[in-house]
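The block underneath contains the structure these notes are about, expressed in structure tokens.
The values are calculated or read from the model by the stated rules, or taken from the named source; none is laboratory data. Please read these numbers as outputs of a predicted model, since none were measured by experiment. No Cβ is skipped: glycine too gets one built from the backbone with ideal geometry, and neighbour counts run over all protein chains shown. Accessible surface areas use protein heavy atoms only, side chains included; no ligands, DNA or RNA. Shrake-Rupley method; radii C 1.70, N 1.55, O 1.52, S 1.80 Å.
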Amino acid sequence: MSQQLSFEVLELYLAVEAQILANISASLVANEGVFTEDDILSWQVKQLAMIGELNKQNLQAIADMSGVALEKVVELLESAGYAAATVQSTALAGAVASGLVLAPSTAQASIALSNILDAFVAQAQDTLNIINTTMLTQSEQIYRDIVTKTTAKVLAGVTTPQQARVEVARQWAEHGVPALVDKAGKKWSTEAYVNTVVRSMSNKVATEMQLKRIEEHGIDLIEVSSHLDARPKCAADQGRIYSLSGKSKKYPAWSSTSFGEPDGLLGINCRHVIYPFIYGRSQRTYFPYDAKVNEQAYEASQVQRKLERDIRKAKREQNTVMALGNKEQIAKAKKKVKQRQENMREFIAKSGRERRRDREQIV
């Protein structure tokens, strides 16, 4: 359920991004009567005068989505958090009955778990507000940039108005509407940032509520799952048993892992899971993978992720060019999509990995 909700939140934001790009494209073809070399400055003035109306359209698109997105994120956090905590109690029912571990109140009745969830919900609301504001301000910047650069290209005499507009618009369409501009000035695409935020919040609330529930049961040891193609920091920690308190003489301390680091164990986009481990009763399930084999699988997975991103970028570019109506540029955009899909087919045939067509789609 959590995975489906994550996808639905991302889909909502990608739909808004698509609408914003469509609004920009529609505005760019609104003054074709003066879109000539001789009247390009008049075209620029008329286009910039449309910014207020364009902002209203984009604001409405964001507003229509934002409430639904927040509701789904709250549902996601509740689902992920309580599911993780409840699974622990269910799995430990036998140990509780035998008196091997403590028997706390139900997960839903735990004040500590409720406090953790409330903190994440508040954080989610603030984060989504920032994303919404950034998308609105950046959409205006995209429009201004397209109009200004198109005018500059035409005045320089290097291209026709139609070609200049399509060339600049294609560049923005491929990158999408930024949802975050970080302190270093890097612009994060809506797809990349929303996906990162949603996955991160879901993983964090599940992990914190799970760890708290394990603590409420009075358990000190946990086992970390393992899988092929784990990223470097996770690969070093996976498939092992750790002591939360660090007091075990047999197992390493949980604090010795990369837990807490963005690219570490249970960090952003991490697929690992932890399980309570009762010494003398639990049976070890997971083990580390060979480092070299895992490294090769991880590198292949990153190549595939890049090819998927390239396909999505080309499709966004194609949609924008089609809205602007330049037949030559439309043909080029379609060719780019086909070429990037061919790159994927060649990679899959060579690597033997499974193709994930759902990751190549755009809303």
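Here is a list of conditions, (1) within 20 Å of the chain's Cα centre (by Cα); (2) buried (at least 21 other Cβ atoms within 10 Å of the Cβ); (3) touching a residue at least 40 places away in the same chain (Cβ under 8 Å), and L211 meets all of them except one; can you say which number that is?
Unmet for L211, out of (1) within 20 Å of the chain's Cα centre (by Cα); (2) buried (at least 21 other Cβ atoms within 10 Å of the Cβ); (3) touching a residue at least 40 places away in the same chain (Cβ under 8 Å): (1).
Only one of these conditions is not met by A184: (1) at pLDDT 95 or above; (2) farther than 24 Å from A333 by Cβ; (3) hydrophobic (A, V, I, L, M, F, W, C). Which number is it?
For A184, the failing item is (1).
Looking only at the stretch 165-203, how many residues end up being under 15 Å from the mean Cα position of the chain (by Cα) and acidic (D, E)?
Residues that pass the stated criteria total 1.
Restricting to the stretch 347-356, give me the number of residues that are surrounded by 11 or more Cβ atoms within 10 Å (Cβ to Cβ) and assigned to a helix (DSSP H, G or I). Quick ask: steps written out before the conclusion?
From the stretch 347-356, those surrounded by 11 or more Cβ atoms within 10 Å (Cβ to Cβ) are 347-348, 351, 353, 355-356; that's our starting set.
Filter once more, so that each one left must be assigned to a helix (DSSP H, G or I): 347-348, 351.
Adding up the residues that qualify gives 3.
Among the residues of the stretch 215-257, what is the count of those that are among the basic types (K, R) and either closer than 26 Å to T86 by Cα or crowded, with 19+ Cβ neighbours inside 10 Å (or both)? Break it down stepwise before answering.
At the first step, the residues of the stretch 215-257 found to be among the basic types (K, R) are 231, 233, 240, 247, 249-250.
From what's left, either closer than 26 Å to T86 by Cα or crowded, with 19+ Cβ neighbours inside 10 Å (or both): 231, 240.
Number of matching residues: 2.
Of these, Q88, Q47, Q60, which one is within 30 Å of S139 (Cα to Cα), of a type in the set (S, T, N, Q) and either open to solvent by less than 30 Å² (accessible area, probe 1.4 Å) or touching a Phe, Trp or Tyr at 6+ places or on another chain (Cβ under 9 Å) (or both)? Give the derivation first.
Values: Q88 fails: within 30 Å of S139 (Cα to Cα); Q60 fails: either open to solvent by less than 30 Å² (accessible area, probe 1.4 Å) or touching a Phe, Trp or Tyr at 6+ places or on another chain (Cβ under 9 Å) (or both).
Checking each option against the conditions leaves just Q47.
Here are the criteria: (1) touching a residue at least 12 places away in the same chain (Cβ under 8 Å); (2) over 32 Å from the mean Cα position of the chain (by Cα); (3) in a helix (DSSP H, G or I). Tell me which single one Y82 does not satisfy.
(2)
Return only the number of the condition from (1) farther than 20 Å from A169 by Cβ; (2) open to solvent by 90 Å² or more (accessible area, probe 1.4 Å) that K327 does not satisfy.
For K327, the exception is condition (1).
Every residue in the stretch 130-181 that is more than 24 Å from A61 (Cβ to Cβ) and outside any helix (DSSP H, G or I), please.
A156, G157, V158, T159, T160, listed by residue number.
Out of curiosity, is V194 in contact with a helix residue (DSSP H, G or I) (Cβ under 8 Å, 6 or more places away or on another chain), farther than 21 Å from A80 by Cα and open to solvent by less than 20 Å² (accessible area, probe 1.4 Å)?
no
Of all residues in the stretch 280-301, which are open to solvent by 80 Å² or more (accessible area, probe 1.4 Å) and part of a helix (DSSP H, G or I)?
K292, E295, Q296, E299, listed by residue number.
Among E37, E32, E53, E78, which is open to solvent by 50 Å² or more (accessible area, probe 1.4 Å) and more than 30 Å from T159 (Cα to Cα)?
Values: E37 fails: more than 30 Å from T159 (Cα to Cα); E32 fails: more than 30 Å from T159 (Cα to Cα); E53 fails: more than 30 Å from T159 (Cα to Cα).
Of the residues listed, the single one that is open to solvent by 50 Å² or more (accessible area, probe 1.4 Å) and more than 30 Å from T159 (Cα to Cα) is E78.
With respect to V337, is the statement that it is part of a helix (DSSP H, G or I), open to solvent by 60 Å² or more (accessible area, probe 1.4 Å), of a type outside the set (K, R) and modelled with pLDDT of 90 or more true?
Values: part of a helix (DSSP H, G or I): yes; open to solvent by 60 Å² or more (accessible area, probe 1.4 Å): no; of a type outside the set (K, R): yes; modelled with pLDDT of 90 or more: yes.
So V337 fails the test.
Among the numbered conditions (1) under 25 Å from I311 (Cβ atoms); (2) free of Cβ contacts under 8 Å to residues at least 60 places away in the same chain; (3) surrounded by 21 or more Cβ atoms within 10 Å (Cβ to Cβ), tell me where Q171 comes up short.
Condition (3) is where Q171 drops out.
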